[in-house]
Amino acid sequence: MNIILLGPPGAGKGTQSRRLSENLKIPQISTGDLLRAARKEKTDLGLKAESYMLSGKLVPDDLVIQMIREKLKTPECHQGYILDGFPRTLDQAKALDQTLAGNGSVIDHVVDIQVKSEEIVNRLSGRRQCSKCSENFHVIFHPSKVEGVCDRCQGQLFQREDDKESVIRKRLEVYQKQTSPLVAYYQQKGILKSVQGTGSIDDIFKEVVKAVQ
Ligand code: AP5
């Protein structure tokens, strides 16, 4: 099964796709995590992506499309995958369609997680992410058992550099302009399901599971 999780920054795509990945036993592919790893390793891609990510803009399509095409070729993706944070523009969505058509494959479900902007600012300004496994926590809404330490792998938690209020607002603006048109794109294909993204993480997860069944 090939699944896309859509939604604005902070909607819970990472939180829900990690749970879905464990549940369906297919990998979660987060373009944000892949790009952050590339930055950490100071690869050519990471160096090119850095200034866009720090300012809340999208990394250019050609770089991200190339990165995802390579990832989808790897054996771990052959039984299906969950795309988290890709596609984010119409050109990315069309490039993904082309790649899949070349493999005789399709996207089965697109789940759009809906959350209002003000809730998003609260969520992202309190987010803490694991430096080892990328699991997300929140200082109030979803705290780790031991402050600063990941519940899953005991890695150290950190605050993302793009989780500052000014950058969060830029990311929301970019989402509205460049990513939200994908809702209509996948609606027209008849594969879009919308899920209300406010409430408990467990309740939202039940709705996400229903949406992909
Ligand atoms: P990326 O890392 O993908 O960031 P994003 O899309 O902005 O999404 P987030 O990771 O911020 O949020 P999320 O929806 O995963 O929410 P989460 O589960 O963490 O991208 C970063 C940057 O990389 C981009 O700005 C861009 O520059 C670049 N990039 C990435 N992909 C790209 C692409 N395809 N093209 C071009 N550029 C690209 O939850 C957020 C917080 O809320 C957490 O603290 C969590 O604990 C909490 N939370 C979750 N659910 C709930 C709930 N139900 N109630 C209360 N709190 C909750």
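With the full set of protein chains in place, find how many percent of the accessible area of segment 120-213 is carbon and sulfur; take the probe as 1.4 Å. C and S fraction of accessible area: 49 percent. Here the average projected area of the convex hull drawn through the C-alpha atoms of segment 95-213 stands at 9.2 nm².
In terms of overall dimensions, the C-alpha atoms belonging to the chain reach 47, 40, 34 Å along their principal axes, ordered largest to smallest. Helical runs (DSSP H, four residues minimum) scored at -39500 (n - 2.57) apiece and divided by the length of the chain put the mean residue ellipticity at 222 nm at -14000 deg cm²/dmol. Globularity index of segment 24-148 is 1.16 (Cα radius of gyration / 2.2 N^0.38 Å, N = number of residues).
Highest mobility in the GNM of the chain, judged by mean-square fluctuation with C-alpha springs under 10 Å and restricted to Gly102, Gly14, Gly85, is found for Gly102.
Within the set Lys13/Lys145; Lys40/Lys206; Lys48/Lys116; Lys40/Lys193; Lys132/Lys193; Lys42/Lys145, which residue pairs have Cα atoms separated by over 28 Å?
Numbers: Lys13/Lys145 22 Å; Lys40/Lys206 34 Å; Lys48/Lys116 31 Å; Lys40/Lys193 35 Å; Lys132/Lys193 32 Å; Lys42/Lys145 32 Å.
As for pairs spanning more than 28 Å Cα to Cα, those are Lys40/Lys206; Lys48/Lys116; Lys40/Lys193; Lys132/Lys193; Lys42/Lys145.
Figure note: Cys150, Cys133 ranked by solvent-accessible area, largest first, 1.4 Å probe, ligands and nucleic acids not counted: Cys133, Cys150.
Counting only heavy atoms of the protein chains, get the accessible area per residue of segment 1-144 (1.4 Å probe) and round it to a whole Å² value.
Solvent-accessible surface per residue comes out at 46 Å².
The values are calculated or read from the model by the stated rules, or taken from the named source; none is laboratory data. Given the structure is predicted, the values throughout are model-derived calculations rather than measurements. These area figures cover heavy atoms from the full protein model, side chains too; ligands, DNA and RNA do not enter into them. Shrake-Rupley method; radii C 1.70, N 1.55, O 1.52, S 1.80 Å.
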